[in-house]
Every structure is written in C-alpha cells, then in structure tokens.
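The values are calculated or read from the model by the stated rules, or taken from the named source; none is laboratory data. Quick caveat: nothing in here was measured; it's all calculated off a predicted structure. Glycine gets a Cβ as well: all are built from the backbone with ideal geometry, and neighbour counts include every protein chain shown. Ligands, DNA and RNA are stripped out before the accessible areas are found, and what is left, the full protein with its side chains, is counted by its heavy atoms. Shrake-Rupley method; radii C 1.70, N 1.55, O 1.52, S 1.80 Å.
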Amino acid sequence: MSITMHDVAARAGVSIKTVSNVVNDYPHVSDATRSKVERAIAELGYRPNLSARSLRSGRSGVISLIIPDLRNAYFAELADAVMRQARARGLSVLIEQVAGGRDVELEILRGPRMQLVDGILYSPLSLDRDDSALLPDGPMVILGEQLFDGDRDHVTMANVDGARAATEHLLAQGRRRIVALGTDPHDTLGPAALRLQGYREALEAAGIPADPAYVSTVVSWHRSDGANAMREVIAAGLPFDGVVAFNDAMALGAMRVLQDAGLSIPDDVAIIGFDDLDETRYALPTLSTVDIGREEIAERAVELLIERIAAPGQPEAPRAIVSGFRVVPRESTGSVIAQTPGSRAAPSTL
C-alpha cells in the first residue's frame with residue numbers, strides 16, 4: 001500500500017499542510033512539530049512525490065557534473081567525491097563526459113539535458129576564454145582555472161605551488177637531473193602550463209638551469225602517455241635521476257617503463273606524481289605524490305553551486321577557491337618526511 005501525506009499527518013497528529021511544510025523545508029515550523037513529522041515519516045517509510053515537489057519549487061534537485069574523461073582515474077575519484085557531497089545535501093548528480101572534442105562539449109553544455117538540472121559543475125577540456133559567450137545561462141561553478149570571463153565561480157587546486165613542492169621534494173633527496181613529464185605545448189593557461197611553472201620555479205630557486213631537453217610532452221594524461229614519454233626520454237640517452245610527473249596516471253605508466261629498462265626506483269630514479277589517487281598506495285613501489293585536496297574541491301564546489309542556485313542572478317562577484325595541498329612521500333622517492341615547504345596550505349579565497 002502506498003503511504004500518503006495524509007497517513008503521515010494522521011500518525012503525527014498534525015495537518016496535511018504542516019506535513020507539506022516539513023517536507024518542503026519551509027520555515028516557521030517549530031522544532032517539536034518538525035520532529036514529530038519526521039519521526040512519522042521514518043516510521044511509515046513515506047517517500048515524497050519528487051516530481052510534484054519540483055514543479056512547485058521550480059527545481060529538480062539534480063545538478064550536473066561535466067568532466068573530460070572518466071577513464072582518467074582523477075576524474076573518476078572526483079566524480080565519486082562530488083556525488084557523496086551532493087547526496088549529503090539531498091541532491092542527485094547527472095554526469096557527462098566531453099572527451100569527444102569541442103563540438104561534443106558544446107552540444108552537452110547547451111543540450112536539452114542541461115535544462116533539467118538546477119546547476120552545473122564544469123571542468124572544461126576544449127573550450128577557452130574566447131568561448132565565454134557560448135556557456136549556458138544559470139548557476140555554474142568551474143572546476144579548474146578560471147578560463148572564462150563573467151560571473152562564474154571556480155574551484156581549483158594549487159597547481160604551481162604543488163608542482164614546485166613536488167620538485168623540491170626530489171631536490172631534497174639530492175636529485176639534480178629531473179624530468180618534467182606531462183607538458184602540452186597547446187596548454188598555456190591550464191594545469192600542464194601551471195605545473196611546468198612550479199617545476200621551473202623550484203629548479204631556479206635551487207640554482208639549476210631549466211633545460212628544455214628535460215621537459216617531456218604528451219598527447220594526454222593517461223598511463224600509456226606516461227609510458228610512451230618515458231620510453232622517449234630513455235631512448236634519447238638523457239642522464240636523469242628524478243621524474244616529476246604531472247599526474248599519477250602518467251607516473252604509474254612511467255614507473256613500469258623504468259622498471260622494464262632495468263632501472264631501480266628510487267635508487268636510480270626517484271619519481272613523484274600528482275593527485276594522490278587511491279591506487280598510488282598499492283603500486284610497487286608505492287608512489288610519492290601530491291595530495292591536492294580532492295574532497296575539499298568537491299565540497300567547496302557543491303557549496304558554491306548551491307549558493308548560486310538559491311540566489312539566481314544575484315550580482316555577486318565571482319569567487320575563486322584554491323584547495324590546500326600536501327606532499328605525500330612514499331617508496332618511489334625513498335624518503336618519508338613529516339612536512340614539505342608549502343604543504344597543506346589552508347584553502348584560500350581569491
């Protein structure tokens with residue numbers, strides 16, 4: 001038998017209107033009355049009619065997460081964190097991938113499915129600042145660097161500081177010929193360019209010239225790209241004793257190639273990644289990495305989006321949140337340290 005609002009009202013000893021007020025989280029309901037209604041809902045197992053509720057409120061209770069590629073473990077773990085943060089706030093998440101190129105990205109952003117959601121969390125892949133006018137109206141939070149003009153909030157990680165700290169960690173182990181793995185000549189504003197900047201800043205501070213020969217470009221940021229790039233580095237005959245990989249997936253691919261080439265990690269080559277993926281704890285050897293505060297990124301992004309949904313069109317200046325980070329030393333760099341300069345910075349609002 002289907003449980004109705006009338007049944008809840010009878011169990012709680014209140015009016016149907018009071019039950020409706022509690023279900024729709026209206027103010028001016030006393031704590032005692034709210035507790036009685038919530039207890040009756042739990043005892044009866046009542047489930048509100050979400051379709052009717054959304055028609056009344058004008059909201060669906062669904063947000064969208066648009067990310068480049070779920071095959072990339074970072075985005076898979078980010079999606080998991082966003083879904084948990086949204087669920088804790090009573091929201092569902094519609095996930096879309098935009099790995100098919102610029103046209104696919106625009107089709108998804110401006111397609112009919114985005115009309116069904118209350119707001120969008122968006123990690124751009126192919127679009128850039130010149131495409132600001134093509135973004136849909138409505139609440140949106142950008143995940144990553146602020147590539148667009150206008151009133152878009154964004155939440156990002158400490159790309160420059162994190163990469164600098166990762167490079168400093170290798171320098172502290174006595175490494176001096178360090179490869180930067182994962183650059184993209186077409187990326188001038190995104191994470192690849194920013195992490196390269198951090199790498200160069202660390203070398204400069206240590207008095208080591210930044211040699212372009214030690215900067216390895218890739219097509220994308222998967223394990224296979226890290227493996228292919230490391231094969232090229234080895235084939236070039238460069239003497240090197242350290243690798244800063246710009247994400248963990250590339251670092252894991254590079255590690256396999258290093259070991260296949262007979263090089264010992266970390267005795268011959270120390271390697272550190274970026275992102276602190278779960279699987280880095282189980283690699284052989286375990287992979288040193290930079291924890292970029294993925295849970296914090298998800299939490300702050302969902303919070304910002306909910307605020308925008310609650311006050312659409314509010315002319316508040318866009319907000320920029322940078323998550324904290326910390327270096328996580330493991331076996332691949334042969335040292336465990338308690339603290340790294342610049343690590344676990346408090347989140348900042350720019």
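If you scan region 72-93, which residues turn out to be in contact with a helix residue (DSSP H, G or I) (Cβ under 9 Å, 6 or more places away or on another chain) and open to solvent by 40 Å² or more (accessible area, probe 1.4 Å)?
E77, D80, M83, R84, A88, R89, S92
Please name all residue pairs, on different chains or six or more residues apart, with Cβ atoms under 6 Å, provided the first residue is in region 101-129 and is touching a residue at least 60 places away in the same chain (Cβ under 8 Å) and the second residue is surrounded by 22 or more Cβ atoms within 10 Å (Cβ to Cβ) and in a loop (DSSP other than H, G, I, E, B).
As it stands, the answer is G119/P139, since those pairs meet every condition given.
Can you spot a residue in region 48-67 that is at pLDDT 80 or above, over 30 Å from I297 (Cβ atoms) and assigned to a helix (DSSP H, G or I)? Steps first, please.
Step one: filter region 48-67 for residues at pLDDT 80 or above, giving 61-67.
Filter once more, keeping what is over 30 Å from I297 (Cβ atoms): none.
No; the residues of region 48-67 include none that is at pLDDT 80 or above, over 30 Å from I297 (Cβ atoms) and assigned to a helix (DSSP H, G or I).
Working carefully through the options E331, E299, E295, E316, find the one that is modelled with pLDDT under 90 and among the acidic types (D, E). Don't jump to the end; show me each part of the working.
Details: E331 fails: modelled with pLDDT under 90; E299 fails: modelled with pLDDT under 90; E295 fails: modelled with pLDDT under 90.
The unique qualifying residue is E316.
Would you confirm, using the coordinates I've provided, whether V23 is of a type in the set (A, V, I, L, M, F, W, C), modelled with pLDDT under 90 and open to solvent by less than 30 Å² (accessible area, probe 1.4 Å)?
Judged against the criteria, V23 is a match.
Any residue that is within 23 Å of the chain's Cα centre (by Cα) and part of a loop (DSSP other than H, G, I, E, B) - is there at least one of those in region 289-297? Reasoning before the result, please.
So in region 289-297, the residues within 23 Å of the chain's Cα centre (by Cα) come out as 289-297.
Filter once more, keeping what is part of a loop (DSSP other than H, G, I, E, B): 292-293.
Yes, region 289-297 contains at least one residue that is within 23 Å of the chain's Cα centre (by Cα) and part of a loop (DSSP other than H, G, I, E, B).
Would you point out the residue of region 256-289, among those that are of a type outside the set (S, T, N, Q) and touching a His at 6+ places or on another chain (Cβ under 9 Å), that is nearest to R175 (Cα to Cα)?
A270
What single numbered condition from (1) over 24 Å from Y122 (Cβ atoms); (2) modelled with pLDDT under 95 fails to hold for T286?
Looking at each condition in turn, T286 falls short on (2).
Are any of the residues in region 249-258 out of contact with any strand residue (DSSP E or B) (no Cβ under 8 Å at 6 or more places or on another chain) and over 14 Å from A73 (Cβ atoms)? If you could, list the steps in order and put the result at the bottom.
First, pick out the residues of region 249-258 that are out of contact with any strand residue (DSSP E or B) (no Cβ under 8 Å at 6 or more places or on another chain): 249, 252-253, 256-257.
When the remaining residues are screened for being over 14 Å from A73 (Cβ atoms), the result is 256-257.
Taking every residue of region 249-258 in turn, at least one turns out to be out of contact with any strand residue (DSSP E or B) (no Cβ under 8 Å at 6 or more places or on another chain) and over 14 Å from A73 (Cβ atoms).
For region 174-212, what are the residues that are open to solvent by 50 Å² or more (accessible area, probe 1.4 Å), under 16 Å from G144 (Cα atoms) and of a type in the set (A, V, I, L, M)?
Answer for region 174-212, where residues must be open to solvent by 50 Å² or more (accessible area, probe 1.4 Å), under 16 Å from G144 (Cα atoms) and of a type in the set (A, V, I, L, M): just L189.
What residue, of T280, T286, is open to solvent by less than 10 Å² (accessible area, probe 1.4 Å), touching a residue at least 40 places away in the same chain (Cβ under 8 Å), among the hydroxyl-bearing types (S, T, Y) and outside any strand (DSSP E or B)? Break it down stepwise before answering.
Numbers: T286 fails: open to solvent by less than 10 Å² (accessible area, probe 1.4 Å).
The unique qualifying residue is T280.
Any idea which of (1) within 21 Å of the chain's Cα centre (by Cα); (2) farther than 19 Å from D69 by Cβ; (3) open to solvent by 10 Å² or more (accessible area, probe 1.4 Å); (4) modelled with pLDDT under 85 is the one D161 doesn't satisfy?
Every condition holds for D161 apart from (4).
Identify the residue in region 229-254 that is part of a helix (DSSP H, G or I) and free of Cβ contacts under 8 Å to residues at least 24 places away in the same chain and, among all such residues, is most open to solvent (accessible area, probe 1.4 Å). Full working, then the answer.
We begin by selecting, within region 229-254, every residue part of a helix (DSSP H, G or I); these are 229-235, 248-254.
Now restrict to residues that are free of Cβ contacts under 8 Å to residues at least 24 places away in the same chain: 232, 235.
Details: E232: 118, A235: 89 Å².
Among those residues, the one meeting the criterion is E232.
Spot the failing condition for K36; the list is (1) at pLDDT 80 or above; (2) closer than 30 Å to D276 by Cβ, and only one is missed.
(2)
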